[in-house]
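Undergrad: Pasting in a structure now, in structure tokens, and then I'll have a few things to ask.
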Amino acid sequence: MEQKKTPCCGVARFLTLLDGPWATLIVRELLRGPQRFTLLREALPGISAHTLTHRLKGFERHGLVTRTAYAETPPRVVYELTPLGEGLRDVLEAMRRWGDAVPEEAPAEEAGRDAADAAELGTSPQCPFSKGASRRSI
């Protein structure tokens, strides 16, 4: 079986690791601090357990996330960004600033569709980048 080569271009590497909307939104939630699987899933309405598990395993494999399992009953697993994953904070902050600068002049019909799309993608009203949000709150 042929092994995939890691793209040499940083942008291509970024897009390979953070492909699809869920990947970036999972990182957004983990920027708040360590999270349990259930809390991540609740923060991202519409994401399936399978997709969340798949993304977290990929992040762990690429060194963006650590997974800590505690030998308790019931078992507890906590996910946390590594320093490499924390490096995405500035990237997501730049994305937020850019998105905030886009005018909200959408026709009412389109605005309703956009709100439904945002809800489907798990857009959180408590953005970790909004003014006054704690950088490491859980």
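The values are calculated or read from the model by the stated rules, or taken from the named source; none is laboratory data. For clarity, every value in this text was computed on a predicted model and none was experimentally measured. Ideal geometry is used to build each Cβ from the backbone, glycine not excepted, and the neighbour counts take in all protein chains shown. Heads up: the accessible areas ignore ligands, DNA and RNA and are worked out on the full protein's heavy atoms, side chains in. Shrake-Rupley method; radii C 1.70, N 1.55, O 1.52, S 1.80 Å.
Undergrad: Which condition from (1) among the hydrophobic types (A, V, I, L, M, F, W, C); (2) at pLDDT 90 or above; (3) over 15 Å from Pro21 (Cβ atoms) is the one that Ile47 breaks?
TA: With respect to (1) among the hydrophobic types (A, V, I, L, M, F, W, C); (2) at pLDDT 90 or above; (3) over 15 Å from Pro21 (Cβ atoms), Ile47 is out only on (3).
Undergrad: Now for a different question. Quick check: is even one residue across the stretch 10-20 modelled with pLDDT of 95 or more and open to solvent by less than 20 Å² (accessible area, probe 1.4 Å)? Walk me through how you get there before you give the answer.
TA: Let us first name the residues in the stretch 10-20 that are modelled with pLDDT of 95 or more, namely none.
Within the stretch 10-20, none of the residues are modelled with pLDDT of 95 or more and open to solvent by less than 20 Å² (accessible area, probe 1.4 Å).
Undergrad: Within the stretch 50-69, does at least one residue satisfy the condition of being within 25 Å of Arg13 (Cα to Cα), of a type in the set (S, T, N, Q), in contact with a helix residue (DSSP H, G or I) (Cβ under 9 Å, 6 or more places away or on another chain) and open to solvent by less than 50 Å² (accessible area, probe 1.4 Å)?
TA: Narrowing the stretch 50-69 to residues within 25 Å of Arg13 (Cα to Cα): 50-67.
Narrowing further to those that are of a type in the set (S, T, N, Q): 51, 53, 66.
If we keep only those that are in contact with a helix residue (DSSP H, G or I) (Cβ under 9 Å, 6 or more places away or on another chain) as well, we get 51, 53, 66.
Remaining after also requiring open to solvent by less than 50 Å² (accessible area, probe 1.4 Å): 51.
Within the stretch 50-69, one or more residues are within 25 Å of Arg13 (Cα to Cα), of a type in the set (S, T, N, Q), in contact with a helix residue (DSSP H, G or I) (Cβ under 9 Å, 6 or more places away or on another chain) and open to solvent by less than 50 Å² (accessible area, probe 1.4 Å).
Undergrad: Also: Considering only residues that are closer than 13 Å to Ile26 by Cβ and in a loop (DSSP other than H, G, I, E, B), which ones fall in the stretch 74-95? Give the derivation first.
TA: The initial filter retains those residues of the stretch 74-95 that are closer than 13 Å to Ile26 by Cβ, namely 79-81, 85, 88, 92.
Selection gives nothing.
Undergrad: Next up: In the stretch 35-49, which residues are surrounded by 15 or more Cβ atoms within 10 Å (Cβ to Cβ) and touching a residue at least 40 places away in the same chain (Cβ under 8 Å)? Give the derivation first.
TA: If we filter the stretch 35-49 for residues that are surrounded by 15 or more Cβ atoms within 10 Å (Cβ to Cβ), which is where we start, we get 35, 37, 39-41, 43-44, 47.
The answer is Gln35, Phe37, Ala43, Leu44, Ile47.
Undergrad: Would you check if there is a residue in the stretch 60-73 being part of a helix (DSSP H, G or I), within 14 Å of the chain's Cα centre (by Cα) and either charged (D, E, K, R) or modelled with pLDDT of 90 or more (or both)? Even if it seems obvious, please write down each step before you answer.
TA: Residues of the stretch 60-73 that are part of a helix (DSSP H, G or I), as a first pass: 60-61.
From what's left, within 14 Å of the chain's Cα centre (by Cα): 60.
Add one more test, that the residue is either charged (D, E, K, R) or modelled with pLDDT of 90 or more (or both), and what stays is 60.
Among the residues of the stretch 60-73, at least one is part of a helix (DSSP H, G or I), within 14 Å of the chain's Cα centre (by Cα) and either charged (D, E, K, R) or modelled with pLDDT of 90 or more (or both), which makes the answer yes.
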